[in-house]
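Okay, structure first, notes after.
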Amino acid sequence: MATPLRTRAVAAASLAGALAAVALASAPAATAATRTTGNPVCFTGGDGVCTPIGNGKSVHLVGTATGFAGVYFNGKSTQGKAPADVDYSFDYIGQQNGGAPRFSIPIDENGDGVVGDGEGYAFLDANGCGLVGSGTVSTESATCTVFHEAAVYPNWDAFAAAAAAEGWTVAKKDVPFIISDVPSDVVVSDIAFVVD
């Protein structure tokens, strides 16, 4: 029987393969805190819907029982960095469900730059942050639970400490993204990928 974490990992791995085919523009090297900016790029599958709003800095994500919708940035500011050296956040409002909306952050556990067999994603979601209907999902929150493979960490700092002990990094060749892949209807805004 598939567990929710295993189902998430399989969905993330499938999506990561699709996103790996997308060419990413390089961001300048960080010398101080660097925030990835620009317009997020939508992706969908099945009957999921992703619609840019206003100036494109916000998106409307509709996940369904048979479809997903998400966003990522064209940029590599956080990729290849230690989890302790990066922060991710987004604001949302709307109908959340299960693990959506959530960050899916690729974690390279063997130094090859990608999430491959036996590796996984770190997930932070609205429910795991104790939010209902609106709020900020952030690695800077002490109350946002992080799920990685079969392990559960109380927050990003605890996950980052475990990652440092293991030598893990954010994968260089895979893309962090936000996704709604269960029935949900949310507007996501103020998306930040920050290198400390």
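Derivation of every value follows stated rules applied to the coordinates shown; laboratory data play no part. Given the structure is predicted, the values throughout are model-derived calculations rather than measurements. No Cβ is skipped: glycine too gets one built from the backbone with ideal geometry, and neighbour counts run over all protein chains shown.
Could you tally the net charge around S141, taking each other residue with its Cβ under 11 Å from the Cβ of S141, Lys/Arg +1 and Asp/Glu -1? Don't jump to the answer; show the numbers that get you there.
Numbers: positive: none; negative: D87, E140, D157.
Residues close to S141 contribute a combined charge of -3.
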(Q) Let's test the formula: R0 of 45 Å, r as the Cβ-Cβ distance of A165 and A65. What FRET efficiency results, to the nearest 0.05? (A) 0.70
(Q) What does the extension gain come out to for N39 and V132, with contour length at 0.36 nm per residue minus their alpha carbon separation? (A) 30.9 nm
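Quick check on the exposure proxy: order E166, E109 from fewest to most C-beta atoms within 10 angstrom.
Lowest count first: E166, E109.
Once you have the Cα-Cα distance between A150 and N55, take 0.36 nm times their residue separation minus that, and quote the gain in nm to one decimal.
30.3 nm
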**Q.** Spin-label model distance (nm) - N110 vs I93, 7 Å beyond Cα toward Cβ
**A.** 4.6
Q: Could you line up V41, V114, V49 from fewest to most neighbouring Cβ atoms inside 10 Å?
A: V114, V49, V41
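Arranged by the count of other C-beta atoms within 10 angstrom, fewest first, what order do I191, I93 take? Intermediate values should be presented prior to the final figure.
Details: I191 24, I93 13.
Listing I191, I93 from fewest to most nearby Cβ atoms yields I93, I191.
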